[in-house]
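Participant: Quick one: the structure is below, questions incoming.
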Amino acid sequence: MERIDILKAAFGANAEKFEENLVADTRAQFDAYVHKVSLQKSVFETRSQLSQKVPEFWFNSLRNCKLTQQYLDNVDVDCLKHLKDVWIEHSEKDVRDYEITFTFSNKNPYFKEPKISKKVTVTPPKGSEHESLLPSPYDLDAPLFLLPSKLPWTSDEHNLVKKAPKVNVLEMEEFDEDFSGSAGSFFNWFETEGEDDMGLGETLLEWWSHATEYAAGLSSMDSDDGEDFSGGEFDDEESDDEDPKKEIDLSDEDSKRPKKKQKK
């Protein structure tokens with residue numbers, strides 16, 4: 001059933017007025033998001049400059065955020081320690097479309113070029129099964145799709161996607177009911193196209209907005225508890241304070257991927 005039909009069943013002759021009210025509310029939320037993105041740009045530009053003064057700022061931010069941490073594999077750790085900046089640029093035509101750019105040090109042994117990027121869009125790819133599912137103009141929860149890209153690996157030895165490929169449960173020779181699949185290397189997402197079934201595009205968008213809090217250990221972005229900047233998510237057993245060089249265990253491959261969150 002269309003929404004208007006449900007409204008008619010509930011409100012009768014007043015249905016169209018309620019429909020207009022819902023559309024107005026959706027438009028207001030969209031306009032507020034556009035305004036927020038515009039206001040925050042200069043703030044995040046300053047953050048990028050400040051982050052250059054802190055070693056491993058972006059790696060620590062990804063590591064300390066529970067929702068991004070689950071996408072990291074042990075093979076990614078050294079590469080991500082070379083990460084110097086992360087930037088998200090929203091499209092001027094549609095703020096829901098954006099490009100995520102990771103900038104690495106020139107001395108990193110993994111990429112021929114210091115910058116890698118991924119474009120995310122709400123427009124379904126032509127020729128795909130989702131082609132006809134165009135989002136409504138102001139829908140901030142529209143499904144996300146990934147445009148094709150290829151990472152400039154320096155060699156097969158440093159190709160982390162080959163070292164830790166994404167494993168789908170349907171591709172396994174023997175089916176295991178308890179195995180939900182593995183995302184493998186974090187960089188598999190950069191080489192994925194089509195529907196963002198990993199949900200990483202939305203997760204990175206949410207994480208990036210609070211990257212400073214995560215880098216400092218003030219928030220864990222727990223999917224169950226929401227955003228918590230109190231620092232109470234970390235106990236003594238999980239803290240790296242005793243050994244600042246200690247690596248975290250990123251081998252938990254059974255974590256469930258987060259559902260798409262509404263933009264705030």
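Participant: Using the structure shown, select from LYS17/LYS118; LYS36/LYS166; LYS36/LYS119; LYS53/LYS93 the pairs with a Cα to Cα distance greater than 32 angstrom.
Facilitator: LYS17/LYS118; LYS36/LYS166; LYS53/LYS93
Participant: I'd like to check one number: the per residue accessible area of the stretch 100-164, probe 1.4 Å, reported in Å² as a whole number.
Facilitator: For the stretch 100-164, the per-residue accessible area is 58 Å².
Participant: Of the GluC sites (Glu not before Pro) in the stretch 74-123, which ones lie in a loop per DSSP and count no more than 16 other C-beta atoms within 10 Å?
Facilitator: Those satisfying the criteria are GLU92.
Participant: Each label point is 7 Å from the Cα along the Cα-to-Cβ direction; what then is the distance between the points at SER38 and SER117, in nm?
Facilitator: 2.2
Participant: Where only protein heavy atoms count, and the probe is 1.4 Å, what is the accessible area per residue for the stretch 45-86 in Å²?
Facilitator: Ligands and nucleic acids excluded, the figure is 41 Å² per residue.
Participant: Report the Cα centroid-to-centroid distance between the stretch 65-100 and the stretch 106-125 in angstrom, as an integer.
Facilitator: Between the Cα centre of the stretch 65-100 and that of the stretch 106-125, the gap is 9 Å.
Participant: Let's see if you can work this out: charge +1 on each Lys and Arg Cβ, -1 on each Asp and Glu Cβ, no other charges. What is the dipole magnitude of the stretch 41-96 about its Cα centre, in debye to the nearest 20?
Facilitator: My answer is approximately 220 debye.
Participant: Work out the length of the dipole vector of the stretch 105-164 about its Cα centre, built from +1 on the beta-carbon of each Lys and Arg and -1 on the beta-carbon of each Asp and Glu, and round it to the nearest 20 debye.
Facilitator: The calculated dipole for the stretch 105-164 is roughly 420 debye.
Participant: If you consider only alpha-carbon coordinates, what radius of gyration and Dmax does the stretch 25-78 have, in Å?
Facilitator: 15.9, 46
Participant: What does the charge dipole of the stretch 46-179 about its Cα centre add up to, to the nearest 20 debye, if the Cβ of each Lys and Arg holds +1 and the Cβ of each Asp and Glu holds -1?
Facilitator: Roughly 960 debye for the stretch 46-179.
Participant: Measure off, as a whole percent, the carbon and sulfur share of the 1.4 Å-probe accessible area of the stretch 45-172, all protein chains present.
Facilitator: Accessible surface attributable to carbon and sulfur in the stretch 45-172 totals 51 percent.
The values are calculated or read from the model by the stated rules, or taken from the named source; none is laboratory data. The structure presented is a predicted model; accordingly, all values stated were derived computationally and were not measured. Because the Cβ atoms are built from the backbone with ideal geometry, glycine has one as well, and the counts that use them run over all protein chains shown. Quick note on the areas: whole protein, heavy atoms, side chains included, nothing else; ligands and nucleic acids left out. Shrake-Rupley method; radii C 1.70, N 1.55, O 1.52, S 1.80 Å.
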